[in-house]
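K.L.:
Before I ask anything, let me first share the structure, which is written out below as structure tokens.
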Amino acid sequence: MSAAGPTAVLSSGKTMPLLGLGTWQSTSEQVINAVKTAIDTGYRHIDTAQVYGNEKDVGQAIKEKIAEGKIKREDVFVTTKLYPTFSRPENVCEAMAQSLADLGLDYVDLYLIHSPINFKYGTDPFTYAGNPEEIYDDVDYLDTWRGMEPLVDAGLAKSIGVSNFNSQQLERLLQNCYFKPAVNQVELHPYLAQQDLVDFCKKNNILLTAFSALGAPARPKAFASGEEEPVLMEDPSVVAIAKKYGKSAAQILLRYHLDRGVSVIPKSVTPSRIQANFDIMDFSLSKEDLASLGELDRKLRYVGANLFVTHKYYSY
């Protein structure tokens, strides 16, 4: 894979670029343009999910860049995720087939269980107006994983992993799997450092990927706590470190992850920000500055902390 920027070799043996483009919460046109801009900029890792409703847009953008000769399929690392209503093992292949059809691809590089919290087949937990407990599915995520593993043997997913899992859930999964999870994608930033989870994943050769690395400034209101929250990119320590390096606060926050050995997938649809988010390869943070950022930990979760808290496999 010709990749720009640092990479990591996953437990599956596959190589993954540590910096990727996130695509959550954008319009169809925005996603297409953002992915094309990112590929032109040098990104070789694109993150999407069935629940985002934009796999067709991501696939179209990749197809156009392949047609232009900008990239080959093997040059771009594509991640997507299992919708939480397809979590029963007999439904996993159906979800994978739909994602591949929408993406227009023969395989994805990484397929993640989007959450250990699952819902009944055919429901939509994010638009359901009633009590969410009415549509909970308590299917064991171990059974979901057993539905994921055959995708690797079939060549439909080069690597498989999870998202929003805590260390206890990962430990249980590691003790009951054939293919170990290659990646765990979670909310991660200086206000939610999760050092114990970082250490656990490093010890067990599971690559962490950080979402909401900039503090999720554009997330939907449904995911907000309702309380006034500190703005991560305006934190005095972050701003001071940015000034020291002649970088933006966003660039410091992204570099923080790379220097911790963590993958990061900032979302943007603005060409200048897509470029700026990529321009973090020419410096590293000192141990002192990494420690200073680590001291900002508030255990503050910006995304989804209060959603579905009564579910059997609630992971926060």
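Okay, residues lined up against (1) farther than 15 Å from Val269 by Cα; (2) of a type in the set (Ser, Thr, Tyr); (3) open to solvent by 10 Å² or more (accessible area, probe 1.4 Å); (4) in contact with a Phe, Trp or Tyr (Cβ under 7 Å, 6 or more places away or on another chain):
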{"position": "Val35", "(1), (2), (3), (4)": "no, no, no, no"}
{"position": "Thr41", "(1), (2), (3), (4)": "no, yes, yes, yes"}
{"position": "Arg44", "(1), (2), (3), (4)": "yes, no, yes, yes"}
{"position": "Lys56", "(1), (2), (3), (4)": "yes, no, yes, no"}
{"position": "Lys70", "(1), (2), (3), (4)": "yes, no, yes, no"}
{"position": "Glu74", "(1), (2), (3), (4)": "yes, no, yes, no"}
{"position": "Val78", "(1), (2), (3), (4)": "yes, no, no, no"}
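K.L.:
Condition first: hydrophobic (A, V, I, L, M, F, W, C), open to solvent by less than 20 Å² (accessible area, probe 1.4 Å) and not in a helix (DSSP H, G or I). Now tell me which residues in segment 9-33 satisfy that.
P.N.:
Leu10, Met16, Leu18, Leu19, Leu21 - these are the residues of segment 9-33 that are hydrophobic (A, V, I, L, M, F, W, C), open to solvent by less than 20 Å² (accessible area, probe 1.4 Å) and not in a helix (DSSP H, G or I).
K.L.:
Hey, another quick one. Going by the structure shown, is Val139 assigned to a loop (DSSP other than H, G, I, E, B) and surrounded by fewer than 22 Cβ atoms within 10 Å (Cβ to Cβ)?
P.N.:
Considered against the rule, which asks whether it is assigned to a loop (DSSP other than H, G, I, E, B) and surrounded by fewer than 22 Cβ atoms within 10 Å (Cβ to Cβ), Val139 comes out as yes.
K.L.:
What is the one condition in (1) open to solvent by less than 50 Å² (accessible area, probe 1.4 Å); (2) of a type outside the set (Lys, Arg); (3) in contact (Cβ under 8 Å) with a residue 60 or more places away in the chain; (4) under 20 Å from Leu207 (Cα atoms) that Met281 does not satisfy?
P.N.:
Against the list (1) open to solvent by less than 50 Å² (accessible area, probe 1.4 Å); (2) of a type outside the set (Lys, Arg); (3) in contact (Cβ under 8 Å) with a residue 60 or more places away in the chain; (4) under 20 Å from Leu207 (Cα atoms), Met281 comes up short only on (1).
K.L.:
Hey, Ser159 hits all of (1) of a type in the set (S, T, N, Q); (2) in contact with a strand residue (DSSP E or B) (Cβ under 8 Å, 6 or more places away or on another chain); (3) more than 18 Å from Glu90 (Cα to Cα); (4) in a helix (DSSP H, G or I) but one; which does it fall short on?
P.N.:
(4)
K.L.:
Within segment 99-125, which residues are farther than 26 Å from Tyr313 by Cβ and open to solvent by 50 Å² or more (accessible area, probe 1.4 Å)?
P.N.:
Correct list: Ala101, Gly104, Asp106.
K.L.:
Residues in segment 250-278 that are within 15 Å of Thr23 (Cα to Cα), open to solvent by less than 20 Å² (accessible area, probe 1.4 Å) and either part of a helix (DSSP H, G or I) or among the small types (Gly, Ala, Ser) (or both): how many?
P.N.:
Count: 3.
The values are calculated or read from the model by the stated rules, or taken from the named source; none is laboratory data. Keep in mind that this is a model prediction, so the values were computed, not measured. Cβ atoms come from the backbone with ideal geometry, glycine included; neighbour counts cover every protein chain shown. Side chains are part of the model used for accessible areas, which takes the heavy atoms of the whole protein and leaves out ligands, DNA and RNA. Shrake-Rupley method; radii C 1.70, N 1.55, O 1.52, S 1.80 Å.
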